[in-house]
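This report refers to the structure that appears directly beneath it.
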Amino acid sequence: MKDEADETIVCRCEDLTLAEIRAAIEAGYTDFEELKRFLRVGMGPCQGRTCIPIVRRELARYLRKSVGEIAAPTKRPPAVNVLFGTVKSGSER
Ligand code: FES
């Protein structure tokens, strides 16, 4: 029997359901970085603001760990600050 919660959208940006997340975890993608590379979860415009906590909770449940034991994804901010004016004009410093 299909669980109605399986169709719940977990990652709105990448249109991923709870069933897809759970299937990937069951397939062996058991850390967030692996799931990110496999499903693109957390890589949308919101950068995982909504989905990261839910996916970490699912990983914790599957691995029988606390959420705190599940590593959060690596954040990669821009290496150098760039002014919007520079981006707009297309020029370099
Ligand atoms: S909801 Fe997952 S990246 Fe935005």
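Each value in this text was obtained by applying a stated rule to the coordinates, not by laboratory testing. Since the structure is predicted, the reported quantities are computational estimates derived from the model, not experimental observations. Using ideal geometry, Cβ is built from the backbone for each residue, glycine included, and neighbour counts are taken over all protein chains shown.
For Ile54, neighbours were defined as the other residues whose beta-carbon sits under 13 Å from its Cβ, and their charges (Lys and Arg +1, Asp and Glu -1) total +3. Relative contact order, whole percent, for the range 4-89 stands at 24, derived from Cα pairs under 8 Å and 6 or more residues apart.
All other residues whose Cβ lies under 13 angstrom from that of Val67 are scored, Lys and Arg at +1 and Asp and Glu at -1, for a net of +3.
Taken along its three principal axes, the alpha carbon spread of the range 4-89 comes to 49, 27, 18 Å, from the longest extent down to the shortest. Listed values for the range 12-24 are Karplus-derived 3J(HN,Hα) couplings in whole Hz (6.51 cos²θ - 1.76 cosθ + 1.60, θ = phi - 60°), namely 5, 5, 9, 6, 10, 8, 4, 4, 5, 5, 5, 5, 5, and x replaces Gly and Pro. For the chain, lysine pairs with C-alpha atoms less than 27 angstrom apart, excluding pairs fewer than eight positions apart on the same chain, total 6. For the chain, the longest principal axis of the Cα atoms and the long axis of helix 51-63 meet at an angle of about 40 degrees.
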